[in-house]
Amino acid sequence: MTEWKKRDLLDLQHLEKEEIELILETAKSFRQVSARDVKKVPALRGKTVALLFYEPSTRTRVSFELAAKRLSADVINIASNSSSSSKGESILDTALNLEAMNVDLIVVRHPSSGVPDVLSRHLKAAVINAGDGCREHPTQALLDIFTVKEKLGKIAGLNVTIVGDILHSRVARSNIWGFKKLGANVTVCGPATLMPRCVKDLGVEVSYDLESSMKKSDCLIVLRLQKERQQDSFLPSLREYAKLFGVSQSKLDKASQDLLIMHPGPTNRGVEIGADVADGCQSVILEQVTNGVAIRMAVLYLLLGTKGVN
Amino acid sequence: MTPTNKILDQENIRRAMMRIAHEIVEKNKGIDSLCLVGIRTRGAVLAERLSACIKAIEGKTVPVGILDITLYRDDLSMVAQQPVVHETLIDFDISDKKIILVDDVLFTGRTIRAALDALIDLGRPATIQLAVLIDRGHRELPIRADYVGKNIPTSLDENVKVVLSESDSKDDEVVVIKREQK
């Protein structure tokens, strides 16, 4: 198995296939820690992790916090609305101040793409990207890949379809990089107005017909329709979107019974996914959440163990 | 050329394991609520062998678990690279059981300290006993073995290498290797 040498986890675009596999393999061992009565191991005793979130988040933030705590690290939470950033302090200054207090690792989420890279260039502390703008959300893609691998036994050769607002989705971008590197065939599906130009350059198929894509897929990743990013009239109406690109039970009935249904959360029930589909037996949405903690434990463990630099 | 010294061969190891199995059964007055837990990698192999020996004596199978102690090591903050974590595979409840912890070589005692912490996070065993193939001395912690295959007095510039067919795909042996002077 390969050794982990990177100091930061900024994206999947620049990870090697072997590095992704190492994270997945390590996560397998960490999953059982969360399943025990005593959900804690002393591996990161004495380390300090700061969660710096400039966008709202429940799942990702709690997942990182639990992951760090179950490894015995100390965690501090900083949300943009209650911190000095509301007084005008830049995120780099905030991060440098955290580092001055000997924080070992900073998990950052920010509405602008590239913020984690900027922090990583200026900090000695390790940096994990927990979602930057429309660019990447690497740990989400890692937990998606982990879940598919657990369920279907492999990644190479699988047909993975990502449906929804591809244009604004960092989850889609990270998943495209990750699944492609491990040898899956990726199709992106959505309205033409929400499809990035040149998306084919990433090596994916483009489809505007959800039903036919579902029939060919082993796994369907349903993206949240980001209502907060729809002010520029990308869509005629939510109802039309739900009709054409919402994953309803009737569409699901026409696809394979083994099709895995995934969603990074939070779900807009009745918009991109039907409630019966989200709660149905083909949905692994809550398993994704469980696996998310294990993936984040693996990443924290690997990053805080290296003393190298990128 | 580094000087090596073969301490045990396949037959010696087999006899040592059989004797330890008898001692375990004798000391615990049978095999009620007895469980074997081997420390990855070679301790797990030896635990399987001990279980087979005990089955030959008592006619009943003793459950075997595998313990990975990586996350409990006390040198994690000192090593340059995080060691690879493997799964702990213990599919029985260890609470109120008599646990025989199995490892290949007892040296500083730090591995056993980590294993004790890891075990206690999984439940509250009635007792924990320690069985090792080799005790080479040089303890850094107050830990001793209940069952020992062979005591080997060593110096600190020697390595004890245990080869087991299941994990190393070579014939069993134990050799002492003099470390090369730098």
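Readers should treat all values here as calculations from the given coordinates under stated rules, not as data from a laboratory. Note that the structure is a prediction, hence the values are computed from the model and not measured. Note: ideal-geometry Cβ built from the backbone for every residue, glycine included; neighbour counts use all protein chains shown.
Worth a mention:
- Other protein chain Cβ atoms within 10 Å, averaged over every residue that makes up A:34-43: 4
- Axial C-alpha extent at least 20 Å, average Kyte-Doolittle at least -1.0 - helices from chain A (DSSP): A:17-34, A:138-152, A:285-305
- A straight Cα-to-Cα reach below 16 Å connects residue A:243 with the lysines A:251, A:254, residues fewer than 8 places away in its own chain not being considered.
- A:195, A:214, B:78 arranged by Cβ crowding within 10 Å, fewest neighbours leading: B:78, A:195, A:214
- In segment A:1-60, the ratio of gyration radius to Kirkwood radius, Rg to Rh, stands at 1.00 when only Cα atoms are counted.
- Sequence of B:58, A:65 once ranked by neighbouring C-beta atoms within 10 Å, starting from the fewest: B:58, A:65
- Our Cα-only numbers for segment B:103-182 put the radius of gyration and Dmax at 14.4, 47 Å.
- When Rg and Dmax are taken over the Cα atoms of segment A:202-256, they come to 12.7, 36 Å.
- A convex hull fitted to the Cα coordinates of the protein assembly as shown yields 183 cubic angstrom per residue.
- Prolate/oblate/rounded label for segment A:250-294 (Cα gyration tensor, a/c 1.5): oblate
- Shape class for segment A:69-210: prolate, because the ratio a/c of the largest to smallest gyration tensor axis (alpha-carbon atoms, square roots of eigenvalues) is 1.5 or more and a/b beats b/c.
- Cα-based Rg and Dmax for segment B:26-79, where Dmax is the largest Cα-Cα distance (Å): 14.4, 46
- Dimensionless Rg/Rh of chain B - Kirkwood Rh, Rg from C-alpha atoms: 0.96
- Taking every lysine pair in chain B that is 8 or more places apart or spans two chains, those with Cα atoms closer than 24 Å amount to 28.
- Gyration tensor verdict on segment A:11-131 (Cα atoms; rounded if a/c is under 1.5, prolate if a/b is larger than b/c, oblate otherwise): prolate
- Fraction of beta bridges assigned by DSSP in chain B that are antiparallel (%, nearest 5): 35
- Calculated [222 nm] ellipticity per residue, helices only, for chain A: -11500 deg cm²/dmol; basis is -39500 (n - 2.57) per DSSP H run with n ≥ 4, divided by all residues, nearest 500.
- For residue A:216, the aspartates and glutamates whose Cα falls under 14 Å of its own Cα, not counting residues fewer than eight places away in the same chain, are A:205, A:253, A:258.
- Neighbourhood charge, 15 Å Cβ-Cβ cut-off, centred on residue A:270 and excluding it, Lys, Arg +1 and Asp, Glu -1: +2
- Among the residues of B:58-71, the average count of other protein chain beta-carbon atoms within 10 Å of the residue beta-carbon is 1.
- Whole-Å distance, taken between Cα centres, linking segment A:159-225 and segment A:76-92: 34
- Ranked for footprinting exposure by Cβ neighbours inside 10 Å, fewest first, A:147, A:2 give A:2, A:147.
- Within the straight-line cut-off of under 18 Å between alpha carbons, the aspartates and glutamates reachable from residue A:227 are A:55, A:132, A:165, A:240, A:272, sequence neighbours fewer than 8 places apart in one chain being disregarded.
- Whole-number D in µm² s⁻¹ for segment A:138-288, Kirkwood Cα-pair radius fed into Stokes-Einstein, 4 °C, 1.567 mPa s: 86
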